[in-house]
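Heads up, the thing below is written out as structure tokens.
Nothing in this text is a laboratory measurement; each read-out follows from the coordinates by a stated rule. Predicted model, so just to flag it, every value in this text is computed and none were measured. So basically every Cβ, Gly included, is an ideal-geometry build from the backbone, and we count neighbours across all protein chains shown.
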Amino acid sequence: AISNDTVKIGYLADMSGTYRDLAGPNGQSALEMAIADFGGSVKGKNIEIVSADDRNSPDTSSSTVRRWVENENVDMVAGMVASSVSIAVSKILEENDKLGIISGSAASSITNEHCTPNHIHYVYDTYPLANGTASAVVKEGGKSWYLLTADYAFGHSLESDVRRVVEANGGEVVGAIRHPFPTQDFSSFVLQAQASGADVVGLANAGADTTNAITTASEFGVTQSGQTLAALLLFLTDVHALGAQTAQGIQLTTGWYWDMNEETREWSDRFMEKTGVRPTMVHAGIYSSTIQYLKAIEATGSDDAQTVRKQMMDTPINDMFAKNGKIRVDGRMVHDMYLAEVKTPAESKNEWDLYKILRTIPAEESYRPLSESKCKLVNN
Amino acid sequence: MSMIFGVPLAVLSGQLLIGIINGAFYALLSLGLAVIFGLLKIINFAHGAMYMLGAMVTVLMFNALGVNYWVALFMAPLLVGAFGVVIEYFLLRRIAGQDHIYSLLLTFGVALIIQGVLINWFGVSGLRYAMPDMFKGGINLGFMFMPYYRAWVIVAALLVCFGTWFVIEKTKLGAYLRAGTEDSQLMQGFGINVPLLISLTYGFGVALAAFAGVLAAPIYSVTPVMGSTTLIVVFAVVVIGGMGSIGGAIITGILMGVIEGLTKTFYPPASSAVIFLVMVLVLMFRPSGLFGKEA
Amino acid sequence: MNTDATRNYEQLNISGLHAYYGESHILHGVDLVVHRGELVTLLGRNGAGRSTTLKAIMNMVGRRTGSIMVNGEETMSCAPHHIARMGVGYCPEHRGIFASLNVHENLTLPPIVRSGGMSLEEIYSMFPNLYERRFSQGTKLSGGEQQMLALARILRTGANMLLLDEITEGLAPVIVEKLGHVLTQLKEKGLTIVLVEQNFHFAAPLADRHYVVEHGRIVEEVRADELSAKQSVLDGYLGV
Amino acid sequence: MDQSPKIADIHKSIVKEQAAQERKRLMLNAGLLLLLLAAPFAIYPVFLMKILCFALFAVAFNLLFGFTGLLSFGHAAFLAAGGYTTGYLLSNYSGLSTELGIIAGTLAATFLGLGFALLSIRRQGIYFAMVTLALAQLVFFFFVQSEFTGGEDGMHGIPRGHLLGVIDLENNLNMYYFVLAVFIGCYLLVQRIVSSPYGQVLKAIKQNEPRAVSLGYNVDRYKVLAFVISAALAGLAGSMKSVVFQLASLNDAHWHMSGEVILMTLVGGMGTLLGPVIGATFVVNIEYHLSQGPLRDWVDPILGGVFVITVLAFRSGIVGEIQKFVRKNLG
Amino acid sequence: MSDQYVLETRNLVKEFKGFVAVNDVDLQIQQGHIHALIGPNGAGKTTVFNLLTKFLIPTRGQILFNGEDITSTKSAQIARKGVVRSFQISAVFPHMTALENIRVALQGFEGTSYSFWKSGASLNRLNERSMELLESVGLAEYANTTTVELAYGRKRALELATTLAMEPKLMLLDEPTQGMGAEDVDRVVELVRKAAKGRTVLMVEHNLSVVSKLCDRITVLAQGAVLTEGDYESVSADPRVREVYMGTGASGERGAVAEAEASQ
Ligand SMILES: Nc1ncnc2c1ncn2[C@@H]1O[C@H](COP(=O)(O)OP(=O)(O)OP(=O)(O)O)[C@@H](O)[C@H]1O
Ligand SMILES: Nc1ncnc2c1ncn2[C@@H]1O[C@H](COP(=O)(O)OP(=O)(O)OP(=O)(O)O)[C@@H](O)[C@H]1O
Ligand SMILES: [Mg+2]
Ligand SMILES: [Mg+2]
């Protein structure tokens, strides 16, 4: 049955801080689009949205979510970027047996040591990003790597993933620098990377750190001196900020790109009408996951967390966002990922025409296999 | 090739140069702070925001009106400076003579407002600003590749720093300013229009920050939050130099740039902590900073 | 140059002056007139409101009502720096030496408001201590030296009406004597002087007239020639 | 000696006045206590606990800022130290009863506070603020680096456990009354400190330090003690918070937190006992409610506005202004 | 045999970056005396005070208190030994009542100053003594007034009372009558006389009438060095003193005429 005759979705994301552009207010638009496209109601029960700024603070978020689920009968919480927030929220959802669909976070720990039976990690995580980019670059001859790593848990895990992949593919990591988070001026790190003479300079960081590193790299002519830049976590918004001029030639892995096919273009146009910008993979993921969620309720006629989650796990996902998508027992939604390269100014027809997709990385290759999982829900 | 602590000399000299470049940059930012604190006893927590504004204005003027870098180099500080005067006139003036802490809180509030509004307008992922053509590329110094633009940054920053220092420490105007901040009422009693002087000084201080912002636009990603992290570091620099010591701010700025640069080579993770370490150590032995006058 | 013409020229005319510091009402309707070239003292007990009167003239108190005419111009609406530009020189009660400037800078700080001020040489020869210490920080001077500096400072500006607040405070007798000379010289130059003093013995021989201030009002006016006659009255007010 | 009766009278009146104020304060406190006892039935307990924790934090800060005149810009360090220590112990040593974990957290903050104090206490005014800021930054970097804090993921799933091994704190009401008890205890302690002989000396130091020295007081020692007490209470606040939310995160160590507590104290009214409490309540509330309301995206600018307005319009804070008003119009 | 002196300095020197403010000063203050330190402005009087109370560190020389070397003792200690000073500018706790000002001084002896758990009422025990002290400086009716609101003269009186509260063996008064009207001056003179009973006082004073009324012995400083020493008559008779300090008509009143300061 559908609890108190409404399906209530709480949208929690950073609306005003460093992660705003990933999900933020536009993420809510995506959510609204999903509900509208679904018909505004499920099983004749209407669908409501509540939303809040997570302030990137786990305790603010957790008091918000507690009230949502304990007093306001919220059935599902969507969005969530900062890993501290996602983890905190998932714990609360577990206590109250509600569902969470995390679309913004990168940390693979969310479905590993921190996995719960009450959340799904939908769009991407660091594992396939490192995996996809690194293996591809090594295969194309980038044997020796030099890493610029953001010096905190996220960076560290990204770095170790890269090391593994690079070595697995017969390359080697000749050096790594752990730079403070955040860093504005990368010149001295870039300089050291150049001095190392490695084929590839890998950026194991995110957001402003990455864009700053790339800007500086191009200023110091890293690519001219024959080194390749590999960004391990780069979003469309970042590339857009850098511009094709600066970012051209960078290889990256993404879960989705707006200009892949008719479906994606059609949806993105509608999104752009609403928001004025092109969607990131997170936006698309929020849309897709919400549709999947509602479908599951439609099918089971219940909005109970476990029922819905089970249903979602049993249904393969093939939609505008995900190909060969499947939600695993650990809550990880695995799907095809794509290796992309940033276009040159010549190739790029407009400010958002930024990627060319080099190849597809099949779902099963990309995400961390359950065999390596530390998740309590996985029995191995 | 000779090595120092396992670091090739070439790399080291490169790092030193980079250090000096960033130092010049710090110098410029901390100079503005020092001027504002030293002369107005205002702890300007909006300084980071003003630096950010300088960069933002540069980009926006380019996108909207195609204003080029050189024009921006004058326009942006001018606009931000004017904005500063407005803030001084309508806000800071009302708490003149109150405890430092109030100016700190007020400007901190102002910074939150500016930053928050810009985030809502332009997002956080940053605006694009192309390197002006004449600065594209660079020269190979043998031990490193030196982008022309960085060279320009040193020259520009140091020139402005020296000019400011000279005016404040060596001219009558400077004397008025210094005295006016101690007892503005009495200065007025001598026939000097102190309120005007103060507004202009604050405007000038933040204009310096904006100038640094313009210099930053082509090399750092320009976002509404770019100032907030820089702020605290620059503060540390000013304190180490001795709050309000103009020359101190400049020298310390460069010094810290170098120290930070070396840390980035020998133990990168500490490179953002090192400045605070230095600060604690310095203040232990020189209670009012390296160049600060004993209270 | 003390012709009657100038003597009758009202350089300062205060009427019905009230002054407030925030809540507290300090001056309750002060009326006084000072003619060009006169030396007038404000006597009274501690807290009577003499300093406040001077501050009020400079527009340095919280709030003022009433009228203050300088050279026949109403100044109630003027900012302090305008008043100074009218040739009013103010030497504050607690000296107001600037710590961030050295003695020399302190001395040369106030801008010249009119011609005919004393030259640096004259001033240094008048206060040799200051010359000795001219490069040390203003506030590092001894109490007395600071007092001298504070006075010397406004002698430079060429102001033709001086408001002096307790300039002999903490000065050695010899210096006090010297200040006596200085003031006489200034008078001869035709300057107008309003002097707030505790030290009656210093003020008496110099002044043309004395005003006695009590509880923010002028309660008595004594001309120099009436001094002996009204001595007892005066003592009553000053509690000597 | 005809004077002596008069003196006696004056003296009597003074003592009477003291007693009267004492009574007023008692009544006020009693009223508040009732309010707080009833609150959890009207308002969501976890939220109330959050308020209490921050109120305690602000009260601790105000002891130093408002009553000793020392502006610390590094109090976040103590909040975090308390939180992480308690969190770490409770999560890794099951069977450790909660209050022990909290005490340990408080002690950790206390010693950290002592360290801070010894390094910073000789610095004057803004330099003091900046040294504490610098030290706090170093502590922050330590927390970012070290594994046990879980870096920016934060420390999660801290068990609330049992108070004295018996009272189950998983139950929000139990937890609430425990937090409330601790809060009241600390509040009264601070109240006592301020009026104590020691408090008098602090007051004196704040108002005229050289004079205090010339009266034979070793001011540095008094300041250190004040700093340490303040740090301890801040740490306690952090420990409680980590137990309440069952998590500890870097936000508590970030310098923004040090700024926020200043805001709370200022908005409420520095140098007043109740001020920080009111201030904390106010700030936590607007932040919480705005972040969910239609003005969701504008929380920071609005907080900024609050800063500005407070500083410009009512510098002595909510409580301070009320006191002024009362003094003006009612006696 | 130095122990007949309460306070003694030997070759006391203070230099400020080359400038010698106090030059080889030997002071000897006798038990029970009211001892005046006079001299032209900038002679070094305040600096001497600062040295005696360790607000400044001597460059060279020795300071003995009751024969004990206190050259390297800290300010607070010295105060507790019974050497208490007043300041050239009045030093009070502005936002405390007059009563509280005194109590702060008194509670030092209670040994409870660190006990932050004790109730404030525990200090009421001190009220009686405090009132006595206030009375002795004629401030009884201001006991409950906040100090800022007191006029300058009263502030100084209050400061003196606090100083007395310390039961000082040796009082250092820097220009106690500065900036006071005649009335207040007389009051202070009486106060000091009363206070001096059973104590020793060292004071800086420019008001010669005060000096002549109060002081048993006078040391004249000029340009940092001791010019002469003796009782009022002998000192005021000394031509050098007249020259550098008193001026010719040294009647004990200020304002007589003299030729220019010839001290350089
Ligand atoms: N800034 C101020 N705020 C509030 N009250 C003040 C202020 N300055 C002076 N007062 C009060 O105003 C009254 C007059 O002060 P004023 O300085 O004019 O006295 P005075 O006649 O100069 O005596 P003296 O200077 O010898 O104390 C005094 O009661 C004093 O307490
Ligand atoms: N901190 C300092 N730095 C440099 N010079 C100083 C310092 N303090 C005092 N002096 C100088 O030492 C000399 C003595 O100063 P001091 O204050 O002792 O004089 P004083 O005898 O108290 O004079 P007065 O009677 O005017 O107060 C003065 O010339 C003064 O300029
Ligand atoms: Mg006065
Ligand atoms: Mg002196």
- [ ] Taking 7 Å along the Cα-to-C-beta vector as the label spot, tell me the residue A:43-residue A:358 distance in nanometres, rounded to one decimal.
- [x] 4.7
Open item on the list: Can you find, among D:91, D:53, D:121, the residue sitting farthest towards the positive end of the charge dipole of chain D, where Lys and Arg contribute +1 and Asp and Glu -1 at Cβ?
Closed with: D:121
Open item on the list: Using only the alpha-carbon atoms of the range E:92-166 as identical scatterers, what base-10 log of I(q)/I(0) does the Debye formula give at q = 0.21 Å⁻¹?
Closed with: -0.84
Open item on the list: Beyond 21 Å, how much of the Cα-Cα pair distribution for the range C:4-238 remains, as a whole percent?
Closed with: 56
Open item on the list: Quick query: amide H of residue C:90 versus all other amide H atoms, modeled in the peptide plane; which residues come in under 5 Å with a sequence gap of 5 or more or a different chain?
Closed with: C:163
- [ ] Please report, in Å, the Rg and the Dmax of the range E:29-75, where both are computed over Cα atoms only.
- [x] 11.7, 31
- [ ] Stick to the Cα atoms of the range E:202-242, pair each with every other, and give me the Kirkwood hydrodynamic radius in Å at one decimal.
- [x] 10.5
Task: Extension gain (nm, one decimal) between residue C:221 and residue C:74, 0.36 nm per residue minus Cα-Cα - done: 50.5 nm
- [ ] Two decimals is fine: what is log10 I(q)/I(0) at q = 0.29 Å⁻¹ for the range A:136-179, from a Debye sum with one equal scatterer on every Cα and no solvent?
- [x] -1.00
Task: Nitroxide proxy distance, nm - points 7 Å out along Cα→Cβ at residue A:70 and residue D:33 - done: 2.6
TODO: Would you kindly work out the equivalent ellipsoid of the range B:11-285 from its C-alpha gyration tensor and give its semi-axes, the square roots of five times the eigenvalues, largest first in whole Å?
DONE: 30, 23, 18
TODO: Could you give the DSSP H helices of chain D that reach 30 angstrom or more along their long axis (alpha carbon positions) and whose average Kyte-Doolittle hydropathy is no lower than 1.0?
DONE: D:45-68, D:98-120, D:125-145, D:172-195, D:219-245
TODO: Towards the positive end of the charge dipole of chain A, with charges on Cβ (+1 Lys, Arg; -1 Asp, Glu), say which of A:160, A:15, A:276 has the farthest Cα.
DONE: A:160
- [ ] Round to the nearest 0.05 the FRET efficiency obtained for residue C:188 and residue D:328 when R0 = 51 Å and r is the Cβ-Cβ distance.
- [x] 0.45
- [ ] Scan chain E and report its longest stretch carrying no chymotrypsin sites (Phe, Trp or Tyr not before Pro) that are both in a DSSP loop and have at most 15 other Cβ atoms within 10 Å.
- [x] E:118-264
Task: Charged-residue dipole, Cβ positions (Lys, Arg, Asp, Glu), the protein assembly as shown about Cα centre, Debye nearest 20 - done: 1360
Open item on the list: If the rule is a partner Cβ under 4.7 Å, which cysteines in the protein assembly as shown fail it?
Closed with: B:161, C:78, C:91, D:53, D:186, E:215
Open item on the list: Can you tally the net charge around residue D:295? Count Lys and Arg as +1, Asp and Glu as -1, for every other residue whose Cβ sits under 12 Å from the Cβ of residue D:295.
Closed with: -3
- [ ] Read phi for every residue in the range B:222-233 and hand back ³J(HN,Hα) as whole Hz from Karplus 6.51 cos²θ - 1.76 cosθ + 1.60, θ = phi - 60°, with x for Gly and Pro.
- [x] 8, 9, x, 9, 4, x, 5, 7, 4, 3, 4, 4
TODO: Above 18 angstrom, tally the Cα pairs of the range A:1-149 and express them as a % of all pairs, no decimals.
DONE: 60
- [ ] Could you pull out every residue, at least 5 positions away or on a different chain, whose amide H is within less than 5 Å of the one on residue C:44? Hs are placed 1.01 Å off N in the peptide plane, and Pro or chain starts have none.
- [x] C:213
Open item on the list: If you fit an axis through the alpha-carbon atoms of helix C:143-155 and take the longest principal axis of the Cα set of chain C, what angle between them do you get, 0 to 90°, nearest 10?
Closed with: 80
Task: DSSP-assigned coil residues among trypsin sites (Lys or Arg not before Pro) in the range E:1-46, each with at most 12 further Cβ atoms within 10 Å - done: E:17
Open item on the list: Around residue A:63, under 14 Å between beta carbons, what's the net of Lys plus Arg minus Asp minus Glu among the other residues?
Closed with: -1
TODO: Taking chain A as the reference, fit the longest principal axis to its C-alpha atoms, fit the long axis of helix A:24-38 to the helix C-alpha atoms, and give the angle between the two in degrees, 0 to 90, nearest 10.
DONE: 50
TODO: DSSP loop (so not H, G, I, E, B), at most 13 other Cβ within 10 Å: list which chymotrypsin sites (Phe, Trp or Tyr not before Pro) in the range B:184-242 pass both filters.
DONE: none
TODO: Report the label-to-label distance for residue D:295 and residue A:164 in nanometres (one decimal), using points 7 Å from each Cα along the Cα→Cβ vector.
DONE: 4.7
TODO: Set the Förster radius R0 to 35 Å, insert the Cβ-Cβ distance between residue B:139 and residue B:65 as r into 1/(1 + (r/R0)^6), and round the FRET efficiency to 0.05.
DONE: 0.60
Task: 10 Å binning of all Cα-Cα separations within the range C:133-207, expressed as whole percents from 0 upward - done: 17, 53, 26, 3
Task: Rounded to 10°, Cα long-axis angle of helix B:47-65 versus longest principal axis of chain B - done: 70
Task: Loop sites in the range C:121-226: trypsin sites (Lys or Arg not before Pro), DSSP, at most 15 other Cβ within 10 Å - done: C:189
- [ ] Could you tell me what percent of the DSSP beta bridges with both partners in chain C are antiparallel, to the nearest 5?
- [x] 60
- [ ] Report the one residue of E:241, C:154, B:266 whose Cα lies farthest in the direction of the positive end of the charge dipole of the protein assembly as shown (charges on C-beta: Lys and Arg +1, Asp and Glu -1; origin at the Cα centre).
- [x] E:241
- [ ] Quick one, can you get me the convex hull of the C-alpha atoms of the protein assembly as shown expressed as volume per residue in Å³?
- [x] 198
Task: Percent of Cα pairs exceeding the 16 Å cut-off, where the set is the range B:129-181 - done: 61
Task: Summed residue charge, Cβ within 15 Å of residue B:137's Cβ, Lys/Arg positive, Asp/Glu negative - done: 0
Open item on the list: Can I get the semi-axes of the range D:1-142's equivalent ellipsoid? Compute them from the C-alpha gyration tensor as square roots of 5 times the eigenvalues, in angstrom, largest first.
Closed with: 38, 26, 14
